[in-house]
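Q: Here it is, the structure in full.
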Amino acid sequence: MLVSTNWLSNYVDWNELSVEELAEKITRAGIEVDGIIDRSFGMDNIVIGYVNNCVKHPEADKLHICQVDVGGEISQIICGAPNIAEGQHVIVARPGAILPGGMKIKKAKLRGEESNGMICSLQELGIEGKLVPKAYAEGIYVLPNDVRAGDSALTHLGLYDRILEFDLTPNRSDALSMLGVAYEVGAILSKDIKLPEISYSASAEKAQDVLKLSVEATEDNPMYVAKVVKNVKVAESPQWLQNTLMSAGIRPHNNVVDITNYVLMEYGQPLHAFDYDRLETKEIVVRHAREGEKMVTLDQVERTLNDQQLVITNGIEPVALAGVMGGANSEVHEGTTMVVIESAYFAPSSVRQTSKEVGLRSDASTRFEKGVDPNRVAEAAERAAQLMAELAGGEVLDGSVTFDELDKTPQKIILSPDYVNNRLGMKIAMDEMKTIMDRLQIPTDLINGQLVMDIPTRRQDLKIKEDMIEEIARLYGYDEIPKTLPIVESTPGGLTPYQAKRRIVRRYLEAAGLSQALTYSLASPKDAQAFALETAPVTKLLMPMSEERSILRQSIIPHLLDATTYNVARRNESIALYETGSVFLGIEEDGLPKEVEHVAAVLTGKWVHHAWQGESKKVDFFVMKGIVEGLFEQLGLLDRLQFTKATVDQMHPGRTATVWLDDQSVGIIGQVHPTVQKQRDLQETYVMEMNLQAIMQTAIEELLYEAVPRYPSISRDIALVVDRDTTAANLEKIIKQAGGKLLKKVQLFDLYEGKNVEGGTKSVAFSLTYFDPERTLTDEDVVKAHSKVLDALTVQANAQLRS
Amino acid sequence: MKEQLHELKEQVMLKIKESNTVKDLNDVRVAYLGKKGPITDLLKGMGKLPAEERPKMGALVNEIRESVTEILEERKETLEQQAIQEQLENESIDVTLPGRPVELGNHHPLTRVVEEIEDFFISMGYEIAEGPEVEKDYYNFEALNLPKGHPARDMQDSFYITEDILLRTHTSPVQARTMEAKDGASIKIICPGKVYRRDSDDATHSHQFTQIEGLVVGENIRMSDLKGTLDLLAKKLFGAEREIRLRPSFFPFTEPSVEMDISCFKCGGTGCNVCKKTGWIEILGAGMVHPNVLEMAGYNPEEVTGFAFGMGPERIAMLKYGVEDIRHFYTNDIRFISQFHRSEA
Ligand SMILES: [Zn+2]
């Protein structure tokens, strides 16, 4: 909503403030003023000129040499506009004038002829092209002949005006009119407001004798008022009216249309003007369209209607799409002499629906959608009739043709001062509350210590007690509210164990060298299920914005790989990222997908890089595995963790494992398949993804201190040659089973495949630690246990001992 | 024999002097004082001497042995000193060479902001509440006083899965769920999480972003409590000198509704480009929980009141760290993420 401060002065006297102060007060009271536009844009030295003489430039086809009276002085000005002519009053920017954007006008020579300034279009004065009257859209602006050369053109065009740009919240539709703004400003400044005085002398002829009205769709159109004005002379509007409309962002057309728009902006009540003669039937019937019925709207588009859409008809065919747009067939034109003014209440939902279906939103439809003031419907029609009499020479027929079933009674709200103060944490006296209601012009009685308020229908946002608390607080001033802290039944607060563990996981991964990434939950069909830990139906959007983001992800890895490719392409070649977040699997009983929190990570490039000391190591499977093991250790689950070789789509078949927690598979780890790496422009890249929820919900034993050993332990190393396919985990298992309770630790410390071992075998070495918490072990004890281990390895793993 | 001894002493002294390493010196020791050395030989040969000369000669041998030992020790100490000196010189390094890097990861700047806010409220006794990102229309809209047909819940603005299920457009459904679950008990919660809207991604819009909301419900919760809470939050996030102001606003789920501005942390209120010359920066929306919302969750709004507030960690991070494009938070360029290593405390 654009509010001309000049226009506002007609209704409320705010002039003791600067425009900036006014804007600040309005903002603090609840309507945000987004900006202040100075329509003069700092322009200067722009006057009205009279074109005494205008001849073609001898050297240029499109230029004219004009002798312009600029107020007691004749100036020669070259003009290139197609519509320049002798005898016109025009806008002249004199030498030294400054135009919007800071352009300075200087004396110049154009093809040998002197030019002392510039004859201007409205666009050159900073008025948007879409607001310039059509007749002057392609050339200079021509003023009417009742002006005087040498006068300020800016004054004449009303450009010494500042506009407040309102950013209205959806509830404050009352401020979609100048009167509504005036009520608001009046309340803020504690000032009375001046409403328009409506008076005109009506003709003896009665409106209802020339026009018949019937409303069939009474629910969608509970009130319809038609006024008839005859002997209208359609012409350009007076300058002040055109100026006012342009200041409100509306393009002037002709006096009749301009008046309906002026009243729309003044009252917030959309009006429509029909050409009475073109209605042909002397009748208006409001009904729903017939399914498939067609009409051509004002914009010359033929529209096919449906049976939910409300139309105004002449009893035969539609002449307007109610509240949205008029029809071309009944439009007011130059030859119109008799006008029907329509002022109505159309149901918000009906207008919203229709305007959405036909894709038309206008100043009228947005107001109907919010609900216009029932008590202004009739008054706005009278106001328009008055202006048509004053400005278009019309004769207003007596009375109006009306259908009215609209409830116009004000709502009552009863409020006790305690209720207000208890909710604000303040102590505002009842009298002060009453004063605020007076400022808002909300009729209020004090009855039995309560405020009894009749809410004017113009404030349709005020429905419940809390709405009135807001009115009181915002005008009393939010700065006056004290600062206190809530007192509620105390809870300890804090993180749940799950939330605390999530933070531990993040901290751990960061300390391990991975940075946290944050990627999108929506994925492409190609990526949605890639790398998923389980197979489940996908969750798709009904109306995605793009295929790229159309399905909820079931794995985090694809987006982490995207992030890696993005980084590598920018020469960030060593990447270590992790993410925790939800994946979306199948559908639960309540209809929502199962949301499971996962953790995923990606590693590529160098892991250790310390060049000048010659240390440099690429990431490999075991770097990622170490990170996973550390994570389980951090969560107290390391001894329940296992890895088994696995085959996963898009992963390297020889370098991928399933991660097990006890006998539950909780994740995958491994290298991305070389083909996929290539597709994604990646070098050797390792990923892991785990069901974080499953891991974090696994109960762990209470942390209990274990005695620090008092007796020394004894270590023995063994070196074995085994089949290449024998896994380390298998050997370890055999050792542990055979070692008995004295064997405390088994650690693989060497692995060799190559020259000195037979083909198809490998050499592995373990270090075994024996220990008894009760006593010092003897050699004998160890030999006994150790030989069992050796026997078991020989028998169960076909291992050969190496010396 | 006496001459022999003195000659021997001279000889040893010379050898000691000539020894330049501890090892050489040790060789000398072994050669002269060892079991097979001449002094031992001499001692052995004493048996051949007349008995009356033996003690005298014995004393002389011992004397020489002691003095040789003493000089040996002295020399050894000197040589050891020299050796250490030499070692230290050899071991000297250029301390300005680069250290062995410790690769640290760090959290995402949005996590940093969210955790800062969470921790602040935890210290005031709040709990952290979480809920599903895919929500029922009821919790996302209806329970929040946005009935079907309300203009603010246009299909165009939300990602629907079915007619009744959508990606949550704010974290408020967690509030609705919590209120419902608490069954009339009082509440103090903070709800952080991802939310989704049907916006095209550009410098200021993202179809996925984060929100953090707060809710307090109980007997006698007042708007002044909201103001006091937000004032502390503003000071915590943006510095102790920050002032706040509340402006009336509109949200369907609160009444009265406010927006909170903080005094500009860049210019202190005199006006600059960060605050668009106003001296104030809009930070969050808040209000008193709408009676309809309380009622739908089973509270009696005549007896129980509450306040709620919500903000965007993206906006806060953008303001705090001067980030100009919201997309930076989701591209995961490590040159961006790794700038948030440093602790601020
Ligand atoms: Zn500033």
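The values are calculated or read from the model by the stated rules, or taken from the named source; none is laboratory data. The model shown is predicted, which means the values in this text are computed figures rather than measured ones. Please note: Cβ atoms are built from the backbone with ideal geometry, for glycine as well, and neighbour counts cover all protein chains shown. Protein only, heavy atoms only, side chains kept; ligands, DNA and RNA dropped before computing areas. Shrake-Rupley method; radii C 1.70, N 1.55, O 1.52, S 1.80 Å.
Q: Step by step: first the residues of segment B:139-169, then only those that are hydroxyl-bearing (Ser, Thr, Tyr) and closer than 21 Å to B:Thr210 by Cα, then the one that is most open to solvent (accessible area, probe 1.4 Å). Which residue is that?
A: From segment B:139-169, those hydroxyl-bearing (Ser, Thr, Tyr) are B:139, B:158, B:160, B:162, B:169; that's our starting set.
Those left that are additionally closer than 21 Å to B:Thr210 by Cα: B:139, B:158, B:160, B:169.
On the way: B:Tyr139: 31, B:Ser158: 6, B:Tyr160: 12, B:Thr169: 9 Å².
Going through the qualifying residues, I end up with B:Tyr139.
Q: A further question follows. Of everything in segment A:480-509 that's without any contact (Cβ under 8 Å) to a residue 40 or more places away in the chain and of a type in the set (D, E, K, R), which residue is farthest from B:Glu259 (Cα to Cα)? First the steps, then the outcome.
A: Kept after step one, since they are without any contact (Cβ under 8 Å) to a residue 40 or more places away in the chain, are these residues of segment A:480-509: A:483, A:485-497, A:499-500, A:503, A:507.
Subset that is of a type in the set (D, E, K, R): A:483, A:489, A:503, A:507.
On the way: A:Lys483: 16, A:Glu489: 28, A:Arg503: 31, A:Arg507: 35 Å.
Out of the qualifying residues, it is A:Arg507.
Q: I've got another one for you. If I go through segment A:374-418 residue by residue, how many of them are under 24 Å from A:Pro348 (Cα atoms) and open to solvent by less than 20 Å² (accessible area, probe 1.4 Å)?
A: Here the count works out to 7.
Q: Being in a loop (DSSP other than H, G, I, E, B), over 18 Å from A:Thr519 (Cβ atoms) and open to solvent by 10 Å² or more (accessible area, probe 1.4 Å) is the filter here; which residues of segment B:170-199 pass it? Steps first, please.
A: Applying the first criterion (in a loop (DSSP other than H, G, I, E, B)) to segment B:170-199 yields B:170-171, B:183-186, B:197-199.
From the residues that got through so far, the ones that are over 18 Å from A:Thr519 (Cβ atoms) too are B:170-171, B:183-186, B:198.
Across segment B:170-199, the qualifying residues are B:His170, B:Asp183, B:Gly184, B:Ala185, B:Ser186, B:Arg198.
Q: Would you tally the residues in segment A:685-697 being of a type outside the set (Phe, Trp, Tyr) and either in a strand (DSSP E or B) or more than 41 Å from the chain's Cα centre (by Cα) (or both)?
A: Summing the residues that are of a type outside the set (Phe, Trp, Tyr) and either in a strand (DSSP E or B) or more than 41 Å from the chain's Cα centre (by Cα) (or both) in segment A:685-697 gives 6.
Q: A:Thr604 - would you say it is open to solvent by 60 Å² or more (accessible area, probe 1.4 Å) and of a type in the set (S, T, N, Q)?
A: Details: open to solvent by 60 Å² or more (accessible area, probe 1.4 Å): no; of a type in the set (S, T, N, Q): yes.
Answer is no for this residue.
Q: Please state which one of A:Gly71, A:Gly126 is under 44 Å from the mean Cα position of the chain (by Cα) and of a type outside the set (S, T, N, Q).
A: A:Gly126
Q: Considering (1) closer than 23 Å to A:Gly636 by Cα; (2) among the charged types (D, E, K, R); (3) touching a residue at least 60 places away in the same chain (Cβ under 8 Å), say which one A:Lys744 fails and leave the rest.
A: Just one mismatch for A:Lys744, condition (3).
Q: Checking B:Ala317 against (1) out of contact with any Cys (no Cβ under 8 Å at 6 or more places or on another chain); (2) within 11 Å of another protein chain (Cβ to nearest Cβ), only one condition comes out false. Which one?
A: Checking B:Ala317 against (1) out of contact with any Cys (no Cβ under 8 Å at 6 or more places or on another chain); (2) within 11 Å of another protein chain (Cβ to nearest Cβ), the one that fails is (2).
Q: Here's a follow-up. Just give me the residues in segment A:611-637 being open to solvent by less than 70 Å² (accessible area, probe 1.4 Å) and in contact with a Gly (Cβ under 9 Å, 6 or more places away or on another chain), in sequence order.
A: If the condition is that a residue be open to solvent by less than 70 Å² (accessible area, probe 1.4 Å) and in contact with a Gly (Cβ under 9 Å, 6 or more places away or on another chain), then A:Val619, A:Phe621, A:Met624, A:Ile627, A:Val628 are the ones that fit.
Q: Enumerate the pairs (first residue in segment B:263-283 and over 16 Å from B:Leu246 (Cβ atoms); second residue anywhere and open to solvent by 70 Å² or more (accessible area, probe 1.4 Å) and near the ligand (Cβ under 7 Å from one of its atoms)) with beta-carbon separation below 6 Å, excluding pairs fewer than 6 apart on the same chain, so at least 6 apart or on different chains.
A: Correct list of pairs: B:Cys272/B:Lys266; B:Val274/B:Lys266.
Q: Please report, ordered by residue number, the strands (runs of 3 or more DSSP E) entirely within segment A:107-206 with at least 3 residues that are open to solvent by less than 60 Å² (accessible area, probe 1.4 Å).
A: In segment A:107-206, the matching strands (runs of 3 or more DSSP E) lie at A:162-167.
Q: Still on this structure, please answer the following. If we keep just the residues of segment A:583-605 that are of a type in the set (Asp, Glu) and within 12 Å of chain B (Cβ to nearest Cβ), which is nearest to B:Asn332 (Cα to Cα)?
A: Going through segment A:583-605, the residues of a type in the set (Asp, Glu) turn out to be A:588-590, A:595, A:597.
Going one step further and asking which of them are within 12 Å of chain B (Cβ to nearest Cβ), we end up with A:588, A:590, A:595, A:597.
On the way: A:Glu588: 32, A:Asp590: 35, A:Glu595: 23, A:Glu597: 20 Å.
Residue satisfying both the conditions and the ranking: A:Glu597.
Q: If you don't mind, another one. Hey, any hits in segment B:323-335 for a residue that's in contact with a Ser or Thr (Cβ under 7 Å, 6 or more places away or on another chain), within 10 Å of another protein chain (Cβ to nearest Cβ), more than 16 Å from the ligand (Cβ to nearest atom) and modelled with pLDDT under 95?
A: yes
Per-residue answers, yes or no, for (1) away from every other protein chain (no Cβ under 11 Å); (2) at pLDDT below 95:
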{"residue": "B:Glu243", "(1), (2)": "no, yes"}
{"residue": "B:Phe251", "(1), (2)": "no, yes"}
{"residue": "B:Met260", "(1), (2)": "no, no"}
{"residue": "B:Gly269", "(1), (2)": "yes, yes"}
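Q: Next question. Kindly list, by first and then second residue, each pair from a residue in segment A:424-449 that is among the hydroxyl-bearing types (Ser, Thr, Tyr) to a residue that is modelled with pLDDT of 95 or more and surrounded by 15 or more Cβ atoms within 10 Å (Cβ to Cβ), limited to pairs with Cβ atoms under 6 Å and residues at least 6 apart or on different chains.
A: A:Thr444/A:Lys434; A:Thr444/A:Met437; A:Thr444/A:Leu451; A:Thr444/A:Met453
Q: Go through segment A:746-797 residue by residue and tally those that are open to solvent by 40 Å² or more (accessible area, probe 1.4 Å) and on the phi > 0 side of the Ramachandran plot.
A: Number of matching residues: 1.
Q: Touching a helix residue (DSSP H, G or I) at 6+ places or on another chain (Cβ under 9 Å), in a helix (DSSP H, G or I) and open to solvent by 70 Å² or more (accessible area, probe 1.4 Å) - does that describe any residue in segment B:86-99?
A: no
Q: Related question: Show the residue pairs that are 6+ apart or on different chains and have beta-carbon atoms under 9 Å apart, the first residue being within segment B:45-68 and under 13 Å from B:Leu33 (Cα atoms), the second being exposed (fewer than 13 other Cβ atoms within 10 Å of the Cβ).
A: Close Cβ pairs (under 9 Å, with a partner that is exposed (fewer than 13 other Cβ atoms within 10 Å of the Cβ)) amount to B:Ile64/B:His6.
Q: Can I ask one more? Going by the structure shown, is A:Phe643 out of contact with any helix residue (DSSP H, G or I) (no Cβ under 8 Å at 6 or more places or on another chain), within 21 Å of A:Ala512 (Cα to Cα), assigned by TED's automatic domain parsing to the domain that holds A:Ser574 and not charged (D, E, K, R)?
A: The answer is no for A:Phe643.
Q: Can you run down the residue pairs with Cβ atoms below 8 Å, 6 or more apart or on separate chains, where the first is in segment B:127-142 and more than 9 Å from every other protein chain (Cβ to nearest Cβ) and outside any loop (DSSP other than H, G, I, E, B) and the partner is hydrophobic (A, V, I, L, M, F, W, C) and surrounded by fewer than 19 Cβ atoms within 10 Å (Cβ to Cβ)?
A: Correct list of pairs: B:Glu142/B:Met296.
Q: Which one is nearest to the other protein chains (Cβ to nearest Cβ) among residues in segment A:555-572 that are within 19 Å of A:Ala512 (Cβ to Cβ) and not in a helix (DSSP H, G or I)?
A: Here the residue is A:Asn572.
Q: Need a quick list: strands (runs of 3 or more DSSP E) entirely within segment B:244-305 having at least 3 residues that are surrounded by fewer than 22 Cβ atoms within 10 Å (Cβ to Cβ) and within 16 Å of the ligand (Cβ to nearest atom).
A: Hits in segment B:244-305: B:280-289.
Q: Contact list please: Cβ distance under 8 Å, first residue in segment B:214-232 and facing chain A (nearest Cβ under 7 Å), second residue of a type in the set (Gly, Ala, Ser) and surrounded by 24 or more Cβ atoms within 10 Å (Cβ to Cβ), pairs at least six apart or on different chains.
A: B:Val216/B:Gly306; B:Val216/B:Ala308; B:Gly218/B:Gly306; B:Ile221/B:Gly306; B:Met223/A:Ala473; B:Thr229/B:Gly214
Yes or no, residue by residue, for (1) farther than 30 Å from A:Lys434 by Cα; (2) touching a Pro at 6+ places or on another chain (Cβ under 9 Å):
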| site | (1), (2) |
| --- | --- |
| A:Gly449 | no, yes |
| A:Lys463 | no, no |
| A:Asp479 | no, no |
| A:Lys483 | no, no |
| A:Leu495 | yes, no |
| A:Leu509 | yes, no |
| A:Gly513 | yes, no |
